[in-house]
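The values are calculated or read from the model by the stated rules, or taken from the named source; none is laboratory data. Since this is a predicted model, take the numbers as computed values, not measurements. Here the Cβ is made from the backbone with ideal geometry for all residues, glycine too, and neighbour counts use every protein chain on show. Quick note on the areas: whole protein, heavy atoms, side chains included, nothing else; ligands and nucleic acids left out. Shrake-Rupley method; radii C 1.70, N 1.55, O 1.52, S 1.80 Å.
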Amino acid sequence: EIKKTLFQSGNDIVLAMANHNGDVGYIGWVPAIIARSQGIPVVTVSASDNEATSIDDNWQNVMVKGSSSIRTPKDLEGKTVAGNALKGVCEIVIRAALSKFNVNQDAVKFVAIPFPAMRAALNSGQVDAICAPEPFMTQALTLDGARILLAPGPTLGKYWPNGTYVALQDWAQKN
């Protein structure tokens, strides 16, 4: 029997698992790497998903309002971008992609907003851009008139690795 619990981010899942409040978690590779670097013994149970090959077929992109003056990644300097967690997949992968466009990393502010609340934050002007996966990406595009600015994963490489299922090492060895 599987008991499912929802968390805001991979970082929250790692903390729950470290406190023995869950056996297997779906997280991004970034929280998995951070967990290991902090001494939390998570191991990969199964790889999960990758980003796609281009802005056209990717399922997780950086979007801005349709009317936004932001036209290029460089225009994000001095702006605020929402991801679901600080130091999570969105922030780290976006920062890496922005470096390819010579964007000053210190000039971009990242804030954590749950995926379901991102559209409202973008539409109200609370943030200038959002990093949203499906189905939130399609909702923002079709219902709100948002437009895609950047596909961070494909900017870094085709089929950029995104997520994985992890467990604590002792649980994985026993099971």
Q: Could you tell me which of the pairs LYS109/LYS158; LYS74/LYS109; LYS100/LYS158; LYS74/LYS158; LYS74/LYS100 are separated by over 18 angstrom between their Cα atoms in the structure shown?
A: LYS109/LYS158; LYS74/LYS158
Q.
Give me the net charge for the shell around THR72: Cβ to Cβ below 14 angstrom, other residues only, Lys and Arg +1, Asp and Glu -1.
A. +2
Q: Starting from the Cα gyration tensor of the range 1-80, multiply each eigenvalue by 5, take the square root, and state the resulting semi-axes largest first in whole Å.
A: 32, 15, 13
Q.
Test of the criteria: in the range 1-63, which trypsin sites (Lys or Arg not before Pro) are in a DSSP loop and have at most 10 other Cβ atoms within 10 angstrom of their Cβ?
A. LYS3, LYS4
Q) How much net charge surrounds PHE136 when only the other residues with a Cβ under 11 Å from the Cβ of PHE136 are counted, with Lys and Arg +1 and Asp and Glu -1? A) -1
**Q.** Among ALA82, ALA129, ALA117, residue whose mean-square fluctuation peaks in a GNM of the chain (springs only between Cα atoms under 10 Å)
**A.** ALA117
Q.
I need two numbers for the range 45-100: Rg to one decimal and Dmax as a whole number, Cα atoms only, in Å.
A. 12.9, 43
Q. Where Lys and Arg each count +1 and Asp and Glu each count -1, what net charge lies around ALA151 among other residues with Cβ under 10 Å from its Cβ?
A. -3
**Q.** Debye intensity ratio in log₁₀ form over the Cα atoms of the range 26-72, taken at each q of 0.15, 0.22 Å⁻¹
**A.** -0.63, -0.85
Q | Rg over Rh [alpha-carbon atoms, Kirkwood Rh] for the range 1-158 | A | 0.98
Q) Percent of accessible area on the range 82-175 owned by carbon and sulfur, 1.4 Å probe? A) 54
Q: Let me know the volume per residue of the alpha-carbon convex hull for the range 74-175, in Å³.
A: 129
Q. How about LYS79: which aspartates and glutamates have a C-alpha closer than 15 Å to its C-alpha, ignoring those fewer than 8 places off in the same chain?
A. GLU91, ASP106, ASP128
Q) Taking Cα centroids, how far is the range 117-175 from the range 4-53 in Å? A) 15
